[in-house]
Amino acid sequence: MHYRHSSYERANHAPEVQQVLTKHGSQILSRNGIPDPGRQRGIITLTMQANDSERQSLENDLKRIDGISVKSFCLTDAIE
């Protein structure tokens, strides 16, 4: 299981972010978005079931979008 945190400029990048999340949707177990309307930014938290290659692919796709910040960590060892 992987946790991913992405912050983004909502108005400029929401369609691109949505396209990436749709592309990787089969690995996403849950998604939570928190807008910050005053700053026109947002945070998306994803919980994934993915191998390292799938996780890295999603992370790379998000990082290719200008203005996106990605943080992630793996919980697999903690829950086994």
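Residues that are over 10 Å from ILE28 (Cβ atoms) and touching a residue at least 40 places away in the same chain (Cβ under 8 Å) within the range 45-59 comprise THR45, ARG55, GLU59, listed in sequence order. Across the range 52-75, what is the number of residues that are part of a strand (DSSP E or B), under 23 Å from ARG41 (Cα atoms) and more than 10 Å from the chain's Cα centre (by Cα)? Residues that pass the stated criteria total 1. Considering only residues in the range 60-77 that are in contact (Cβ under 8 Å) with a residue 60 or more places away in the chain and polar (S, T, N, Q), the one that is surrounded by the fewest Cβ atoms within 10 Å (Cβ to Cβ) turns out to be THR76.
Checking each residue in the range 1-46 for being modelled with pLDDT of 80 or more, among the hydrophobic types (A, V, I, L, M, F, W, C) and not in a helix (DSSP H, G or I) picks out ILE28, LEU29, ILE34, ILE43, ILE44, LEU46.
The values are calculated or read from the model by the stated rules, or taken from the named source; none is laboratory data. Fair warning: this is a prediction, and the values are worked out from it, not measured in the lab. Heads up, the Cβs are rebuilt from the backbone with ideal geometry, glycines too, and the neighbour counts pull from every protein chain shown.
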